[in-house]
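Take a look at the structure set out below.
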Amino acid sequence: MTSGALARVIRSAADRRADAERCDLCGVDVPAEHRHLLDTGQEQVLCACRPCSLLFVGDGASEGRYRLVPRRRVRLPPVSTRALGVPVGLAFFVRHTDDTVTAHYPSPAGATRWEAEPTAWHGVVADCPTLATLEPDVEALLVNTAFSAQHHWITPIDDCFRMVALVRREWRGLSGGSRVWPAVEAFFAELTEQP
């Protein structure tokens, strides 16, 4: 490699933003608005460039290991989740391909998780039939009823993980401090419906 070529490679690497997100499959930089995949084995959301995300539009590309996270967001009427045993007002619920449902609520240590009682979940779906359309593993019922809020959404799972990260970042002390709940409210205020 010539010194000029080496200098261009070094400059190119230096020009990349240190905080730039990259496709977790091929390593190319991705724009701020990019798609995500769910690694069902690791239960981890991965960034995907457009070409890599197109590989997973169908179900057969990875035999179900990687699932393209949809973009659909649907605002719901109030959904009662009391029967599901939710100890807090901020939680999300994910239906899986085996018809189990896991409930998660954010905490300063990440998301606390438990399995919801199947009959209780079926009761919630009977009261809100739109929940029967949740795409397994990659969509969730996201609820915020803390401090009298009334936010009930079907969202992509990456929105839920983004909300968990926000709570972890903003939480202070034992009760959350003064920053976490305004940040959660701002998060929900920014959600927009997408078909």
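Since every read-out is calculated from the coordinates, none of them should be taken as a lab result. If you're wondering where the values come from, they're calculated on a predicted model, not measured in any experiment. Ideal geometry is used to build each Cβ from the backbone, glycine not excepted, and the neighbour counts take in all protein chains shown.
Applying 0.36 nm per residue to the separation of D29 and D127 and subtracting their alpha-carbon distance, the gain on full extension is 30.9 nm.
Length gained on full extension, R65 to E193, computed as 0.36 nm times the residue gap minus the Cα-Cα distance: 43.3 nm.
Once both labels are positioned 7 Å from their Cα atoms along Cα-to-Cβ, the gap between V57 and L174 label points is 5.4 nm.
Helix 180-190 axis versus longest C-alpha principal axis of the chain: approximately 80°, rounded to the nearest ten.
Applying 1/(1 + (r/R0)^6) with r as the Cβ-Cβ distance of F147 and R22 and R0 = 45 angstrom yields a FRET efficiency of 0.75. Taking amide H as placed 1.01 Å from N in the peptide plane, the amide H of S107 sits under 5 Å from that of T112, each at least 5 places away or on another chain. Taken as Cα centroids, the stretch 88-157 and the stretch 162-176 sit 19 Å apart, rounded to the nearest whole angstrom. For mean projected area of the Cα convex hull in nm², one of (i) 15.3; (ii) 11.5; (iii) 13.9 was computed from the structure I shared and the rest are decoys. Which label? Among (i) 15.3; (ii) 11.5; (iii) 13.9, the one calculated here is (iii).
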